[in-house]
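I have placed the structure first, in the form of structure tokens, so that the comments after it can refer back to it.
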Amino acid sequence: MYNIKNSKELASLINYTNLNNMISENEMKEFLNKAKELNFHSVVISPTYIPLAKEILSDTNIKIGSVVGFPLGFEDTESKIAETKELLKKGVDEIEVVMNLSYLKDEKYSLLENEIKQIKEIVKDKVLKVVIESKALEDYEKANASKVAEKSGADFIKTSTGFVTPNHIFENVNDINIIQKYAPKIKIEVYGGIDEYKFANQILTGGADIIGSNSGYEIVKRYKELRENTQVKPKPITLTKKE
């Protein structure tokens with residue numbers, strides 16, 4: 001299993017996510033304060049609440065991520081570029097763009113490459129993630145999507161928007177293996193359905209670089225309860241043999 005040293009390290013491997021389109025400002029404040037409490041690698045939120053996140057997380061090193069073409073990815077390239085520029089103006093650190101799966105299904109790889117390259121040119125040194133729906137794809141399509149993302153300069157490939165997710169750890173590991181084989185330089189984020197520490201640990205053990213989870217707070221708090229807040233009084237040890 002993945003060797004997590006402590007809850008701080010575990011939080012640093014989680015992108016704490018809330019893309020609920022009906023969340024209130026007070027609910028988002030609560031979410032962001034939870035993120036601040038445990039110091040996750042990043043928060044992934046809707047564009048609406050980026051200014052609020054910048055304010056609440058200003059004294060932390062938590063990165064702010066948001067989405068382009070979410071959740072279907074079928075917007076034209078110009079629309080995605082406009083969304084990207086607006087997110088950068090708001091001050092995001094990481095951008096997640098949903099791949100146009102119609103182009104992928106039709107094997108229009110040059111159109112996909114052109115779109116991702118243009119977005120990466122705008123993003124520059126910020127992190128660009130390309131989101132696919134691995135559960136909705138055949139293995140050869142996952143391989144081709146991975147190759148396109150890497151060739152186009154994306155930093156990460158992300159396995160799901162959260163709407164369609166693999167049912168079992170073996171499906172996730174299969175996705176990771178495909179990506180590693182066909183795009184060995186790109187980093188991998190697994191997202192969707194990760195709601196407990198054991199599952200998170202299995203995903204990291206399987207080769208993911210980072211995980212995305214709506215349940216990040218609960219995962220880390222549960223880990224702390226089990227590993228760091230449990231006091232066990234050791235029995236006294238003697239090094240001499242009793243007569």
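The values are calculated or read from the model by the stated rules, or taken from the named source; none is laboratory data. It should be emphasised that the depicted structure is a prediction, and the values quoted were computed from it without experimental measurement. Cβ: placed from backbone, ideal geometry, glycine included. Neighbour counts: every protein chain shown. The accessibility values were calculated without ligands, DNA or RNA, using every heavy atom of the protein model including side chains. Shrake-Rupley method; radii C 1.70, N 1.55, O 1.52, S 1.80 Å.
Here are the numbers for this structure:
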{"item": "Qualifying position, being within 30 Å of residue 228 (Cβ to Cβ), of a type in the set (Phe, Trp, Tyr) and touching a residue at least 24 places away in the same chain (Cβ under 8 Å), among 2, 109, 49", "result": "2"}
{"item": "Residue that is farthest from residue 174 (Cα to Cα) [pool: residues in segment 207-226 that are more than 10 Å from the chain's Cα centre (by Cα) and among the charged types (D, E, K, R)]", "result": "225"}
{"item": "Hits in segment 151-168 (condition: surrounded by fewer than 17 Cβ atoms within 10 Å (Cβ to Cβ) and free of Cβ contacts under 8 Å to residues at least 60 places away in the same chain)", "result": "151, 153, 164, 167, 168"}
{"item": "Top-ranked residue of segment 191-210 - restricted to ones that are closer than 15 Å to residue 162 by Cα and assigned to a loop (DSSP other than H, G, I, E, B), ranked as most open to solvent (accessible area, probe 1.4 Å)", "result": "195"}
{"item": "Segment 141-156, residues that are within 18 Å of the chain's Cα centre (by Cα), assigned to a helix (DSSP H, G or I) and of a type in the set (Gly, Ala, Ser)", "result": "145, 146, 149"}
{"item": "Qualifying positions in segment 97-124 - surrounded by fewer than 18 Cβ atoms within 10 Å (Cβ to Cβ) and closer than 19 Å to residue 82 by Cβ", "result": "111, 114, 117, 118, 121, 122, 124"}
{"item": "Some residue of segment 135-144 being in contact with a strand residue (DSSP E or B) (Cβ under 6 Å, 6 or more places away or on another chain), modelled with pLDDT of 95 or more and crowded, with 16+ Cβ neighbours inside 10 Å", "result": "no"}
{"item": "Qualifying residue in segment 45-64 (condition: under 16 Å from residue 191 (Cβ atoms) and crowded, with 17+ Cβ neighbours inside 10 Å)", "result": "yes"}
{"item": "Residues located in segment 68-84, provided they are farther than 19 Å from residue 109 by Cα and open to solvent by 50 Å² or more (accessible area, probe 1.4 Å)", "result": "70, 82, 83"}
